[in-house]
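The values are calculated or read from the model by the stated rules, or taken from the named source; none is laboratory data. These numbers come from a predicted model, not from an experiment. All Cβ positions, even for glycine, are placed from backbone atoms using ideal geometry, and neighbour counts span all protein chains on display.
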Amino acid sequence: MSKRVLCIHPFGPAGYPPLQHAIRTLAGAGYEICLIGATSDGSRLLRVPDDLPARVHVYSRRSSLRAMLACAGAAWRSAKSDRPQWLYGSDPGSLPIVFMLSCLFRTKLIYHEHDSLPFSTAGERPMRRLLRPLQRWAMRRAELVILPNAGRLQWLRSQEPRARGKDIVAWNMPLRAEIGPIRAARQPGSLLLHFQGSVSEYALPMTLLAAMQAVPGVRLQIASFAPSASAYLTQFQAEAERCSVLDRIQFLGTLARDELGQCARRADVGLALFSESSKNINHFNMLGASNKVFDYLAAGLALLLSDGAQWRPSMVPDFGQCCDTASAASIAAALQRYLDATLDARVLGEAGRQRLLRDWHFERGFAPVLAAMIEYEGANPRSARHAV
């Protein structure tokens, strides 16, 4: 009998490379995958790759409720006809549908959390409040619980002491096939920075612009997942003009994943300047969880990171350097070290690329998940109709 996995990610599955990597890896191991999701405002310009080895049902809905209802109907029909061995709940937003299916069908559960819920519940919408008890239920119910960062997993486990599943930390690394070739030598006297992701005050600080003003040989290219009319991006452009560096910044817009890799390889240094003052659990537990850091290394870029202990010793000093994101002078000093080759960006980037080729690739990181799935299938654990 074919091994089947029903994967649920209601809001923007195209914007989550680890989810797509998991599908490719599971398909390579002989599983048949059905992916059900819907586009959201933040990812409507992104598309699920045509070659994704899965039956894909992605609906276009502006309303979160309509998206959830459309996905729930499709998931019920798929579960009824296919009788999958595994449900794969991707992120907290999948849990209302996963809970419904678990009550109706005998199946095992994988819960893979990419973005954790914030600590604070102040001002939460009703839908978000519903997810918190469902998240605790998933910790009790799931055979496998996957998170990309050990700190996030530890915090999640503290919320549900009755959790019974197997914990796995799987970093958001690229597929081995996505790791690029050796980069050409850098042109002396210039430095091209690359940023990809959502443009926000927590990821791309205004202090970078003042630093660029102080170091004239530096240019910046930005591939943003946010809508072009986002308020912060507008402010960022206005500040760039005030600092007289707007002509050194190229806004690439929203790109497909393969296009992102090609653009990154033109650059020298990748930026991951996450604010250390953020109270969001996702922002200060980025080691392993940040796609962009591994994507930069896959392109052979050196790293410029926020000055947090989480990056040492895994990323710094072997593959880049840290700076104080609140200080334009600190950022400028770091840029100057790359520009004048006090630190050789090409050497650091190549060291990171080699580390990815050796063991920091998704196939290796996801191997414990495959092994645990095979173990559960062979042991024939008790049915999915656990106590709620």
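Which condition does PRO84 not pass, out of (1) crowded, with 17+ Cβ neighbours inside 10 Å; (2) over 21 Å from the mean Cα position of the chain (by Cα); (3) not in a loop (DSSP other than H, G, I, E, B), if it passes all the others?
Status for PRO84: all satisfied but (3).
Conditions (1) in the same structural domain as LEU191 (by TED's automatic domain parsing); (2) surrounded by fewer than 23 Cβ atoms within 10 Å (Cβ to Cβ); (3) among the hydroxyl-bearing types (Ser, Thr, Tyr); (4) in contact with a Cys (Cβ under 6 Å, 6 or more places away or on another chain), marked per residue:
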site	(1), (2), (3), (4)
LEU287	yes, yes, no, no
GLY300	yes, no, no, no
LEU303	yes, no, no, no
ALA309	yes, yes, no, no
ARG312	yes, yes, no, no
ASP324	yes, yes, no, no
ARG337	yes, yes, no, no
THR342	yes, yes, yes, no
ALA351	yes, yes, no, no
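Of GLN250, GLN196, GLN213, GLN221, which residue is over 30 Å from ASP51 (Cβ atoms) and not basic (Lys, Arg)?
Working: GLN250 fails: over 30 Å from ASP51 (Cβ atoms); GLN196 fails: over 30 Å from ASP51 (Cβ atoms); GLN221 fails: over 30 Å from ASP51 (Cβ atoms).
Going through GLN250, GLN196, GLN213, GLN221 in turn, the sole match is GLN213.
Scan the stretch 75-127 for residues that are of a type in the set (S, T, N, Q) and in contact (Cβ under 8 Å) with a residue 60 or more places away in the chain and jot them down.
Let us first name the residues in the stretch 75-127 that are of a type in the set (S, T, N, Q), namely 78, 81, 85, 90, 94, 102, 107, 116, 120-121.
Within the stretch 75-127, SER78, GLN85, SER90, SER94, SER102, THR107, SER116, SER120 qualify.
Report whether or not LEU95 is closer than 23 Å to MET373 by Cβ, outside any loop (DSSP other than H, G, I, E, B), in contact with a Ser or Thr (Cβ under 8 Å, 6 or more places away or on another chain) and modelled with pLDDT of 95 or more. So that I can check it myself, show each step before the final result.
On the way: closer than 23 Å to MET373 by Cβ: yes; outside any loop (DSSP other than H, G, I, E, B): yes; in contact with a Ser or Thr (Cβ under 8 Å, 6 or more places away or on another chain): no; modelled with pLDDT of 95 or more: yes.
The answer is no for LEU95.
Considering only the stretch 102-127, state which residues are under 18 Å from GLU160 (Cα atoms), modelled with pLDDT under 95 and more than 20 Å from the chain's Cα centre (by Cα).
Scanning the stretch 102-127 gives SER120, THR121.
Among residues belonging to the stretch 172-197 that are touching a Gly at 6+ places or on another chain (Cβ under 7 Å) and buried (at least 18 other Cβ atoms within 10 Å of the Cβ), point out the one that is modelled with the lowest pLDDT.
At the first step, the residues of the stretch 172-197 found to be touching a Gly at 6+ places or on another chain (Cβ under 7 Å) are 172-173, 178, 180, 182-183, 189-191, 194.
Imposing the further condition that a residue be buried (at least 18 other Cβ atoms within 10 Å of the Cβ) reduces the set to 172-173, 178, 180, 183, 191, 194.
On the way: ASN172: 97, MET173: 98, GLU178: 97, GLY180: 96, ARG183: 91, LEU191: 97, HIS194: 98.
Here the answer is ARG183.
Answer with yes or no whether GLN213 is assigned by TED's automatic domain parsing to the domain that holds ALA341 and either modelled with pLDDT of 95 or more or in contact with a Leu (Cβ under 8 Å, 6 or more places away or on another chain) (or both). Full working, then the answer.
Working: assigned by TED's automatic domain parsing to the domain that holds ALA341: yes; either modelled with pLDDT of 95 or more or in contact with a Leu (Cβ under 8 Å, 6 or more places away or on another chain) (or both): yes.
It is true that GLN213 is assigned by TED's automatic domain parsing to the domain that holds ALA341 and either modelled with pLDDT of 95 or more or in contact with a Leu (Cβ under 8 Å, 6 or more places away or on another chain) (or both).
Examine the stretch 198-207 for a residue that is in a strand (DSSP E or B) and either of a type in the set (A, V, I, L, M) or crowded, with 16+ Cβ neighbours inside 10 Å (or both), and state whether such a residue exists. Please lay out each step first, then the result.
Our first condition is that a residue be in a strand (DSSP E or B); within the stretch 198-207, this holds for none.
No; the residues of the stretch 198-207 include none that is in a strand (DSSP E or B) and either of a type in the set (A, V, I, L, M) or crowded, with 16+ Cβ neighbours inside 10 Å (or both).
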